[in-house]
Amino acid sequence: MFIKTLSLKDYRNYEEGVIHFSEGINILFGKNAQGKTNVLEAIYLCATSRSHRTSSDKELIRLGEEATHVKLTVNKHDVDEDIDIHIRKNNRKGIAINKIPIKKLNELMGLLHVIIFSPEDLGLIKNGPKERRRFINIELCQLDHLYYYHLQQYHKVLKQRNNLLKNVKNFQEIDQTISIWDDQLIGHGIKIIEKREAFLHDLNHIIQKIHGDISGGTEQLEMIYEKNVTMDGFKERLSQQLKKDIKFGSTSVGPHRDDMMFLVNGIDIRKYGSQGQQRTAALSLKLSEIQLVMDQIDDTPVLLLDDVLSELDQHRQQYLMHTLNHIQTIITCTGIEDYIKNRVQIGKLYEVTDGHVRLYT
Ligand SMILES: Nc1ncnc2c1ncn2[C@@H]1O[C@H](COP(=O)(O)OP(=O)(O)OP(=O)(O)O)[C@@H](O)[C@H]1O
């Protein structure tokens, strides 16, 4: 798939703008704070209905304006699909696909499949489990509508269970309501665990090969799904932890506490890896994600690279650029020297200045 056009109206620092993309590599370059990442963010919004940087939709509206409107056309197997997103200041968001308003967000998920790669992603191994769960969730929500559904339901039930835990003072006060929430939590939670297991199993196969290549065969990387709870033991663990959960007013058992472990030559690099090892493993993870998505959707996703090349050494830059063959890629950067050095075939080059995008010839 590839994005044909993106138009922005009162989006962040853009008053109005239309960008026509090439099917290959597109580079948006410019000084800091000109609006390069804002373009990637708007694309990400069209794919997932939210920003990758903020949970507040209001921030996306140009200061002083009442609403923003983002339009995107994606071509999939020779068919154009139009995505329209309107966000108003009162937080009302309207999404339409081919001019027809959608009722449920899962109608949007997967229509435009994006993979975003920014310098923060290079910290995926070093950072906490929350970021690693986020990585899994973002990908699986785009790949699998049912995963998205179960995740949403799971978090709704979790919130209700936590409210109940907060409102009771002791174990004796708890009534049957908890077992209703527990059954629902387990039902949705098991689906999430199953799907994460399959996803990480497939990803593990791919990452082993990629990481072996990047490290020149010196490092063997293995990814292990660290489940917080097994499917069989879910109910028992919930009741075992109930007293403690009442004390803290929150649920301590379930896939919302899952993590992934990364072993290099048998050593857990989250704790014992060098920074270089952690960053290389994070690069392998993102590259594996691209490969896995291509295998699963039988199409190419759109890759968004937010100023990430300058963070990598020459060898890793080359490896990343080599992966970009046949994938539409939209890159932001402050200078294009690295791309020239790596002999990247640039489809379209844009200069971004103060909320204006200009084709650079
Ligand atoms: N809601 C908004 N209304 C108006 N301007 C905004 C809004 N939100 C952000 N901006 C402006 O957008 C600019 C930042 O854009 P962006 O994050 O895309 O920068 P960038 O070009 O990617 O820079 P860098 O290279 O530093 O990452 C800043 O000038 C900021 O003031």
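Descriptive notes on the structure:
- Counting only DSSP beta bridges with both residues in the chain, the antiparallel share comes to about 70 percent.
- The amide H of I61, built 1.01 Å from its N in the peptide plane, has R12 as neighbours under 5 Å, considering only residues 5 or more places off or on other chains.
- Reachable lysines, given that their alpha-carbon falls under 24 Å from the alpha-carbon of K31 and they are not under 8 places away in the same chain: K9, K341, K348
- Residue-by-residue Karplus 3J(HN,Hα) for region 171-178, coefficients 6.51, -1.76, 1.60, Hz, glycine and proline x: 4, 5, 6, 6, 10, 5, 3, 4
- Counting only Cα atoms, region 164-215 measures 58, 20, 11 Å along its principal axes, largest extent leading.
- Anisotropy class assigned to region 36-76 is prolate, per the alpha carbon gyration tensor with a/c at or over the 1.5 cut-off and a/b larger than b/c.
- Against the main long axis of the alpha-carbon atoms of the chain, helix 314-323 sits at an angle near 90°.
- Taking the Kirkwood radius as Rh and the Cα radius of gyration as Rg, region 123-297 has a ratio of Rg/Rh equal to 1.05.
- 10 Å Cβ shell holding at most 14 others, DSSP loop, trypsin sites (Lys or Arg not before Pro): longest site-free stretch of the chain: 170-342
- In this structure the amide hydrogen of E16, modeled in the peptide plane, comes within under 5 Å of the amide hydrogens of D10, none closer than 5 places in sequence on its chain.
- Cα-based Rg of region 6-126 normalised by 2.2 N^0.38 Å, two decimals: 1.07
- The alpha-carbon atoms of the chain define a convex hull whose volume equals 150 cubic angstrom per residue.
- Region 123-297 - share of DSSP beta bridges that are antiparallel (%, nearest 5): 100
- Of K104/K271; K36/K104; K93/K159, those spanning more than 32 Å from alpha-carbon to alpha-carbon: K104/K271
- Region 70-176 has equivalent-ellipsoid semi-axes of 34, 21, 14 Å, by the square roots of 5 times the alpha carbon gyration tensor eigenvalues, sorted largest first.
All of the numbers you see were taken from the coordinates with simple rules; none came from a lab. What you see is a predicted model; the values in this text were computed from it and never measured. A quick note on method: Cβ atoms are made from the backbone with ideal geometry, for glycine too, and the neighbour counts reach across all protein chains shown.
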